[in-house]
1. Using the Karplus curve 6.51 cos²θ - 1.76 cosθ + 1.60 with θ = phi - 60°, what ³J(HN,Hα) values do you get for each residue of region 3-20, in whole Hz, with x for Gly and Pro?
2. Ignoring everything except DSSP H segments at least 4 long, calculate the 222 nm mean residue ellipticity for the chain; use -39,500 (n - 2.57) per segment, divide by total residues, nearest 500.
3. With the Cα gyration tensor of region 49-94 in hand, convert its eigenvalues to equivalent ellipsoid semi-axes via √(5λ) and list them largest first in whole Å.
4. Report, by chain and number, residues whose modeled amide H sits under 5 Å from the one on F121, excluding near sequence neighbours (fewer than 5 apart, same chain).
5. If you rank V16, V145 by how much accessible surface each has, with a 1.4 Å probe, what is the order from largest down?
6. Suppose we keep just the alpha-carbon trace of the chain; what are its Rg and Dmax in angstrom?
7. Between R84 and V107, what is the label-to-label distance in nm when each label sits 7 Å out along the Cα-to-Cβ direction?
8. Report, in debye and to the nearest 20, how large the dipole of the chain comes out about its Cα centre when Lys and Arg carry +1 and Asp and Glu carry -1 on their Cβ.
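The values are calculated or read from the model by the stated rules, or taken from the named source; none is laboratory data. Given the structure is predicted, the values throughout are model-derived calculations rather than measurements. Every residue, glycine as well, gets a Cβ built from its backbone with ideal geometry; the counts of neighbours run over all protein chains shown. These accessible areas exclude ligands, DNA and RNA; they are computed on the full protein's heavy atoms, side chains included. Shrake-Rupley method; radii C 1.70, N 1.55, O 1.52, S 1.80 Å.
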Amino acid sequence: AYIPDHATLAQRYGAVAEVARDIGVEAVAALPLRGDASPEPVGSLVLDFAEAREFDGDERALLEGFARLCAQALLRAAAEEGLRVVERRFRAAQEVSPDGFQLLDAVRDAAGRLVDLRYQFVNDRGAALVQRAPAAMIGHTMREVFPSITETPLWEQYLRVVETGAPM
């Protein structure tokens, strides 16, 4: 809603207009916050102005664009918080697991060939099973942590899992 002056505010919202005047508000723009993929508003943007104003087409377009940006920022923040919650739950579950757990990323050379695997997460039990500390593994490649791994049949199996997507 675009409310250009105090008289319009009083006509539409009655007693609210007096409160607005008491705090110095003469004009209001209230816009829904909608994401690009969501028809439902995720919030609202309310702009209060100390002076009456006409909201011409250019100003409305600017404010509506700003509202879209605010919606995107709000949705992104909510998604990131959701990911943080999921990650905290994942880590909590893995830290108390009686089983070893290791999460590794593929390391490829300039030609795209798979050359190593990098530890992104290792729970305490997973590290203990290989007689290492998680900190000595996370961020390092499997070949750095276990230099002789390439001489074992297990190495080829690990690489095949990444390259084919099929479990061992």
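1. Values, residue by residue: 10, x, 7, 5, 4, 5, 4, 5, 5, 7, 10, x, 4, 4, 4, 5, 5, 4 Hz.
2. Per the formula, -14500 deg cm²/dmol.
3. On the way: eigenvalues 331, 20, 3 Å².
Equivalent ellipsoid of region 49-94: 41, 10, 4 Å, largest first.
4. Amide H neighbours of F121: L103.
5. Details: V16 85, V145 15 Å².
Final ranking, largest accessible area leading: V16, V145.
6. 28.5, 83
7. Each label point lies 7 Å from its Cα, and together they span 3.1 nm.
8. Details: 18 positive and 26 negative charges, 174 e Å.
Dipole of the chain, to the nearest 20 debye: 840 debye.
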